[in-house]
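*Asks:* My questions will all concern the structure given below.
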Amino acid sequence: MFFAVFALIGVNAVLAAPPSSADALKDRIMGDPKAPIEIIDYSSMTCPHCRAFHLETLPTLKKKYIDTGKARLVFRDFPFDKTALMASVLARCGNPKRYFSFLDVLFQQQPQWGAAPDAQKALAKIGKLGGLSESDYQACLSDEKIIDGVIESRLVGANKYKVSSTPTFIIKGPKGQTRVEGALPIEAFDKAIQEVSQ
């Protein structure tokens with residue numbers, strides 16, 4: 001477990017102060033922010049289907065669309081339980097440059113920390129290896145603005161985009177908007193992206 005954390009987050013992770021609540025809640029974008037296609041990913045950190053997407057489909061989606069500048073992915077928190085909320089806070093309170101590396105580790109290790117007798121303690125260990133001290137993680141968990149912001153992300157997803165299950169992807173482009181629901185293969189995203197592309 002810990003070797004995976006070192007490899008993905010970085011063995012030279014340096015303990016640093018977490019970002020402010022405003023910075024912690026900013027959109028986390030993978031790819032070129034000006035890419036013509038926007039893929040909004042609503043996921044819960046404890047959702048096994050979200051884990052499947054991030055481990056099985058996202059690498060191909062990234063290579064095919066994000067790395068080529070055709071699309072950007074915006075991750076939005078949609079926590080279904082307290083443990084998912086704590087994991088979302090951990091990722092957001094770490095170094096913003098390591099955000100998606102944190103997500104990779106959290107999804108890879110989801111069966112371990114998600115089923116741990118003390119999930120908060122298990123998450124704190126991952127955070128420490130990624131450069132976030134346990135005391136800073138505790139401070140983030142006590143920051144009502146961050147907690148409220150993560151919960152607000154879920155409310156916006158539910159109210160604005162009618163998200164009721166995870167993962168749900170809202171895909172926007174020059175020709176409009178469509179959605180993909182569930183941990184579907186890359187072909188589903190190919191079709192959706194083509195629908196909204198010029």
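*Asks:* Could you pull the Rg and Dmax for the chain, using just the Cα atoms, both in Å?
*Replies:* Expressed in Å, the Cα Rg and Dmax of the chain come to 16.2, 50.
*Asks:* Taking the Cα centre of the stretch 97-139 as origin, work out the dipole magnitude from +1 charges on Lys and Arg Cβ and -1 charges on Asp and Glu Cβ, in debye rounded to 20.
*Replies:* In total the dipole reaches around 100 debye.
*Asks:* I've got another one for you. Calculate, for the chain, the solvent-accessible area per residue in square angstrom, rolling a 1.4 angstrom probe over the heavy atoms of the protein chains.
*Replies:* Per-residue value: 48 Å².
*Asks:* Hey, another quick one. Over the stretch 142-198, what percent of the accessible surface lies on carbon and sulfur atoms, probe 1.4 Å?
*Replies:* 48 percent
*Asks:* Then there's this: Using a 1.4 Å probe on the protein chains only, how many percent of the accessible area of the stretch 51-115 belongs to carbon and sulfur?
*Replies:* Carbon plus sulfur share of accessible area: 48 percent.
*Asks:* R0 = 25 Å: FRET efficiency of K128 with K97, Cβ-based, nearest 0.05?
*Replies:* 0.90
*Asks:* May I pose another question? Counting only helical runs of four or more DSSP H residues, what would the 222 nm mean residue ellipticity of the chain come to if each run contributes -39,500 (n - 2.57) and the total is spread over all its residues?
*Replies:* That comes out to -13500 deg cm²/dmol.
*Asks:* Over 30 Å between C-alpha atoms is what I'm after, so list which of K64/K121; K70/K128; K34/K160; K62/K121 land there.
*Replies:* In this structure, K64/K121; K70/K128; K62/K121 lie more than 30 Å apart at Cα.
*Asks:* Any idea what angle helix 82-93 forms with the longest principal axis of the chain, computed on alpha-carbon atoms, 0 to 90 degrees, nearest 10?
*Replies:* Helix 82-93 sits roughly 90 degrees off the main axis of the chain.
The values are calculated or read from the model by the stated rules, or taken from the named source; none is laboratory data. Just so it is clear, the structure is predicted and the values come from calculations on it, not from any experiment. When we count neighbours, we look across all protein chains shown, and the Cβ atoms used for this are built from the backbone with ideal geometry, even at glycine. Remember, those area values only see protein heavy atoms, side chains included, never the ligands or the DNA or RNA. Shrake-Rupley method; radii C 1.70, N 1.55, O 1.52, S 1.80 Å.
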